Amino acid sequence: MVDVLLGLQWGDEGKGKIADYLTPGYDIVARFQGGPNAGHSLHFNDQKFVLNTIPSGIFRDNCLNVIGNGVVADPVRLKVEIEKLVAAGVDVKSKLLISKKAHIILPTHLILDAANEASKGDKKIGSTLRGIGPTYMDKTGRNGLRIGDIISQNFNHQYQDLVQKHLKLIQNFNFTDYDLPALEAPFFEALEFLRGFNLIDSEYYLNQALKDNKRILAEGAQGSLLDIDFGSYPFVTSSNTTAGGVCTGLGIPPGSIGKVIGIFKAYCTRVGSGPFPTELNDAMGEQLRRQGNEFGATTGRPRRTGWLDLPALHYSVMINGVNELIMMKSDVLSGIDEVKVCTSYKVNGTETLQMPFDICNAIVEPVYESFKGWQDDLTQIRSFDALPDSFRSYCSQISNRSNCPIGIISVGPDREETIRVGNS
């Protein structure tokens, strides 16, 4: 079976830590969508690693890692990522498999991304400028180049054809702030580097693994509220970040999906533009940002912060069919006398539990319920029963109102700072 691990908010929920934590129970970890805009942080042995494209099982022995067909890969960034892991003693080559159908981010995709974002002025969507949107556009427009193409004798011709199309588009933006030759030199060097890796027909590989009763963990990037179809459109990413993206992003049948595990923070964060009903633009918001170290693992950008949003969480649980919740960064709320939770919205004056279609334009006012806070340092606690009563009550309310049990609670960034609840 394939279990699914994905984020339920606007990304940055802590998927990397949990994928790494759960990996001993799996034979294969496979990324099914997204690109190097992901920043999955892992902490162990007093070290921190940030993975952008490589699945989070790469540090575990006896675990193979697949970059699936639904991923878009920047060869330059992937090469750098691999080299950092190798320098840290990780045997990447024997444990990393790359789908031939994964699309390639070209240097001109990076330029197009920058040109497009610059043209929006004050209506920017907050792109990470990693070329991901333009690459997915070429994919759906049937123009893209894939990893499997780099071993074709016709690759250079294909590359030049696509680059010429891109340069015409860039010219339309009147954008000149780029140096294509400077970007191409490391790009072609990285392609040669990747040709030495195991490039696979991942749909055949993963389906054979299922027949062999291998346990697979599908690892998502970004968060459900950034899904291209179900997120806060147009302030979304370019792929399907929800459970539906697993089948198309890995080439596996729906019936092979087992448990869907959803990760959320004990509060909310968001990077870039877009609606955020519970956002705190005050001292409390700054306290959450500071205590939670809420700065992008990939971009370094400060994250917007706010209280937990239960209507949004319930929405994500519903569209993903989540069986188990994992709550991250619980320790960040320690020391707050009164913890608030949004339990419903007032949308244009009418109270509702549903996320509105026009959330980007409607007047959405959060309706809060207050909970007694806790002063205890949670980072040293390793059992649910030892947690403060007020914190356990907080967890119980979240579980009840989202109609989904909490199976794991994270009380710090390290692997060891993790609590299993009940028989999860």
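FYI, it's all coordinate maths here, none of it is from the lab. These numbers were taken from a predicted model, which means no experiment stands behind them. Here the Cβ is made from the backbone with ideal geometry for all residues, glycine too, and neighbour counts use every protein chain on show.
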Query raised in the report: K84 versus (1) more than 27 Å from G133 (Cβ to Cβ); (2) out of contact with any helix residue (DSSP H, G or I) (no Cβ under 7 Å at 6 or more places or on another chain): which is the lone unmet condition?
Result: (1)
Report task. State the number of residues belonging to segment 304-336 that are more than 23 Å from K372 (Cα to Cα), surrounded by 20 or more Cβ atoms within 10 Å (Cβ to Cβ) and either of a type outside the set (A, V, I, L, M, F, W, C) or touching a Phe, Trp or Tyr at 6+ places or on another chain (Cβ under 6 Å) (or both). Result -> 3
Query - strands (runs of 3 or more DSSP E) enclosed by segment 35-138 - at least 2 residues per element that are more than 19 Å from D20 (Cβ to Cβ) - result: 96-99
Query - In segment 347-367, residue nearest to L313 (Cα to Cα) [restricted to those that are surrounded by 12 or more Cβ atoms within 10 Å (Cβ to Cβ) and in contact with a Ser or Thr (Cβ under 8 Å, 6 or more places away or on another chain)] - result: L353
**Report entry** Subset of segment 362-383 that is part of a helix (DSSP H, G or I) and under 27 Å from the mean Cα position of the chain (by Cα) - its residue that is farthest from G16 (Cα to Cα)
**Finding:** L378
Requested in this report: For segment 300-318, state whether one or more residues are in a loop (DSSP other than H, G, I, E, B) and over 24 Å from the mean Cα position of the chain (by Cα).
Outcome: no
Report task. For segment 195-206, state whether one or more residues are over 17 Å from G68 (Cα atoms), outside any loop (DSSP other than H, G, I, E, B) and either free of Cβ contacts under 8 Å to residues at least 12 places away in the same chain or not polar (S, T, N, Q) (or both). Result -> no
Query - Residue match in segment 156-165 (condition: aromatic (F, W, Y), in contact (Cβ under 8 Å) with a residue 60 or more places away in the chain and outside any loop (DSSP other than H, G, I, E, B)) - result: no
Requested in this report: Starting from segment 216-240, take each residue that is over 20 Å from I252 (Cβ atoms) and list its partners that are aromatic (F, W, Y) and buried (at least 24 other Cβ atoms within 10 Å of the Cβ), counting only C-beta distances under 7 angstrom and pairs at least six apart or across chains.
Outcome: G223/W10; L225/W10; L226/W10
